[in-house]
Amino acid sequence: MGLSLVETAVSLAISPRAAIQERTPLSFQSNQLFDVWHNGRHTIAKHFLKSDELADAPRREFEALQLLSPLDVAPQPVFYDPDLGPVVIYEFLEGDMWDRRKPTAVQLQQLAHLWLTLNNLPSDGLWLSRGMERSIQDVVAMFHTYLQNYETWAKAHFPSGLPGVAHCRAIMERLPTILDSFAQLPEPMLLFCRSDPRFANVIQRPDGRLALVDWEDCGLRDPARDVADLLTHPNQEDLLTDEEWMAFLRPYTITRLKTDPHFNERVHHYLALFPVFWLLGLLNYGVNRFRAGKSFKGWQPNHIPVNIQLRRYLARATCWPTPPTAVDQASLANLSFFPD
C-alpha cells in the first residue's frame, strides 16, 4: 500500500518512469522515506504512517517547506496533495546529519542564528506546533497514566523495576508546586519554532551552512519550550556539558531577552518538565515494546542503553532546579527499569 501510494504521487509530481527505492529506516523513524531519481534529479518521498497524524503532519511539513523556501534552510518542496494521501515530496538536501556527533562551538552558534531566523518569520496565519494544543493539565494526566502503566507492568513482569517507581512518584508529587510557580509568569508570545529539535534533523551542508529536515512537528510555539526541548532531547542530551551549550545559548538568549524578559524563567521551568516527559515516555514506550513482543536485549534508544538514559532523566528531574552531579548519577546506579 505504501509503495503504491508513493508511486502514484511520484508519477503525478515527477514522472511515471522515476526510479524509487525505500531508504533503510533509522531507529527513531516513524515514517517511510524513499529515494526518487529521474533524469539526474534526486528527490525524497516521505510517506507518513502514524494514524493520529495523517492529516496534520504532512500538511505542516509541506506548508513549512513552502514558507521556508526563500530562506534556503530546508529541503525545497515539490508535491503534496491531501486528497491523494499522506505523501510529501521534496528535493534531496546534500550534507551530513549531526545525529550523535558532538557539534563545535561555531556550529552551535550557527544553529542559534538559524533558530532566530525562524523565530523572526511573521506569525500571522501560521499553525500551532504539534503538542501546543494540549494543556499542561492534560500532559500531567498523561504522565500519571504512563507511570501507572509501567507500575502495573513491572509488578507482573519485572519487580526489580518497582524501586524506580517510588522515585518517579516523588517527582510527580513535586509537579504541582512547579506548575503553580510556572503559572505566575506572563503568557509568552508564540513564535515559529523548529520543534522536534533532535540533532538528527540538523544537516551540515557541503558549503558549511546548516539546514534542517523533518518539519512535521513545527509551528507556533513558546521558544523557551523549544530550547528546553533541545537541551534535554534524548538524541543529544548526553553529548554536551552545560558550559558547552552556552555557545548556542548566549547568542540565542541575548536576542530573545530583548523582547521577552521572562524567557529564561520559562526555560528554567520547562527544564523541570522535559526530563519527566522523556522519563515517563520511555517507560511507557518500553511497556508497549513488551506488549508488541519485542525483546529488551540490546535496546538502546539513541545508542544509549535504556537504563542508563532513564537514570539520567531521573537524576535531572530529581535534582531540579540544579543540574545533577556525578554523585547524584552514581546514587541511582543500582536502579533498573527494564531487563538489561
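The values are calculated or read from the model by the stated rules, or taken from the named source; none is laboratory data. These figures come from a predicted structure and were not determined experimentally. FYI the Cβ positions are ideal-geometry reconstructions off the backbone, even for glycines, and counts take in every protein chain you see.
All but one of (1) within 30 Å of Leu282 (Cα to Cα); (2) touching a strand residue (DSSP E or B) at 6+ places or on another chain (Cβ under 8 Å); (3) at pLDDT 95 or above; (4) buried (at least 18 other Cβ atoms within 10 Å of the Cβ) hold for Asn31; state the number of the condition that does not hold.
For Asn31, the failing item is (3).
Do any residues in the stretch 300-326 that are touching a residue at least 40 places away in the same chain (Cβ under 8 Å) have Cβ atoms under 6 Å from those of residues that are β-branched (Val, Ile, Thr) and in a helix (DSSP H, G or I), where the two are at least six apart or on different chains, and which pairs are they?
Taking only residues 6 or more apart or on different chains, the pairs are Ala317/Ile171; Ala317/Val276.
For the condition loosely packed, with under 14 Cβ neighbours inside 10 Å and not aromatic (Phe, Trp, Tyr), what is the one hit in Leu116, Leu108, Leu84?
Being loosely packed, with under 14 Cβ neighbours inside 10 Å and not aromatic (Phe, Trp, Tyr) holds for just one of Leu116, Leu108, Leu84, which is Leu84.
Any residue in the stretch 32-52 that is under 12 Å from Ala9 (Cβ atoms) sitting within a Cβ distance under 6 Å of a residue that is of a type in the set (Asp, Glu) and in a strand (DSSP E or B)? List the pairs, counting only those 6 or more apart or interchain.
Phe34/Glu22; Thr43/Glu91
Determine whether the stretch 120-135 contains at least one residue that is closer than 18 Å to Ala272 by Cα, in contact (Cβ under 8 Å) with a residue 24 or more places away in the chain, among the aromatic types (Phe, Trp, Tyr) and surrounded by 14 or more Cβ atoms within 10 Å (Cβ to Cβ).
Looking through the stretch 120-135, none of the residues is closer than 18 Å to Ala272 by Cα, in contact (Cβ under 8 Å) with a residue 24 or more places away in the chain, among the aromatic types (Phe, Trp, Tyr) and surrounded by 14 or more Cβ atoms within 10 Å (Cβ to Cβ).
When you check Ala183 against the structure, is it small (Gly, Ala, Ser) and assigned by TED's automatic domain parsing to the domain that holds Asn149, yes or no?
Against the criterion (small (Gly, Ala, Ser) and assigned by TED's automatic domain parsing to the domain that holds Asn149), Ala183 qualifies.
Any residue in the stretch 89-109 that is modelled with pLDDT of 95 or more, part of a helix (DSSP H, G or I) and among the polar types (S, T, N, Q)?
Within the stretch 89-109 (the criterion being modelled with pLDDT of 95 or more, part of a helix (DSSP H, G or I) and among the polar types (S, T, N, Q)), the answer is yes, since at least one residue qualifies.
Tell me, please, whether a residue that is on the phi < 0 side of the Ramachandran plot, aromatic (Phe, Trp, Tyr), modelled with pLDDT of 95 or more and part of a loop (DSSP other than H, G, I, E, B) can be found in the stretch 58-81.
no
Within the stretch 2-19, which residues are touching an Asp or Glu at 6+ places or on another chain (Cβ under 8 Å) and buried (at least 17 other Cβ atoms within 10 Å of the Cβ)?
Ala9
So in the stretch 87-97, with the set limited to residues that are crowded, with 22+ Cβ neighbours inside 10 Å and touching a residue at least 60 places away in the same chain (Cβ under 8 Å), which one is farthest from Ser69 (Cα to Cα)?
Val87
Asn120 passes all but one of (1) more than 24 Å from Arg221 (Cα to Cα); (2) out of contact with any helix residue (DSSP H, G or I) (no Cβ under 8 Å at 6 or more places or on another chain); which number fails?
Failing condition for Asn120: (1).
Does at least one position in the stretch 67-83 carry a residue that is touching a Leu at 6+ places or on another chain (Cβ under 9 Å) and small (Gly, Ala, Ser)?
yes
I need the full set of residues from the stretch 152-195 which are outside any helix (DSSP H, G or I) and either in contact with a Gly (Cβ under 8 Å, 6 or more places away or on another chain) or among the β-branched types (Val, Ile, Thr) (or both), in order please.
Phe192, Cys193, Ser195
Considering (1) surrounded by fewer than 22 Cβ atoms within 10 Å (Cβ to Cβ); (2) assigned by TED's automatic domain parsing to the domain that holds Asn302, say which one Ile254 fails and leave the rest.
In the conditions (1) surrounded by fewer than 22 Cβ atoms within 10 Å (Cβ to Cβ); (2) assigned by TED's automatic domain parsing to the domain that holds Asn302, Ile254 misses (2) alone.
Being under 19 Å from the mean Cα position of the chain (by Cα), without any contact (Cβ under 8 Å) to a residue 40 or more places away in the chain and under 23 Å from Ser123 (Cβ atoms) is true for just one of Leu230, Leu220, Leu210. Which residue is that?
Answer to the selection: Leu230.
Contact list please: Cβ distance under 7 Å, first residue in the stretch 263-286 and in the same structural domain as Thr322 (by TED's automatic domain parsing), second residue of a type in the set (Gly, Ala, Ser) and surrounded by fewer than 20 Cβ atoms within 10 Å (Cβ to Cβ), pairs at least six apart or on different chains.
Final answer for the pair search is His269/Ser181.
Just checking, which of Glu133, Glu91 is among the acidic types (Asp, Glu) and touching a Ser or Thr at 6+ places or on another chain (Cβ under 7 Å)?
Selected residue: Glu91, the only one of Glu133, Glu91 that is among the acidic types (Asp, Glu) and touching a Ser or Thr at 6+ places or on another chain (Cβ under 7 Å).
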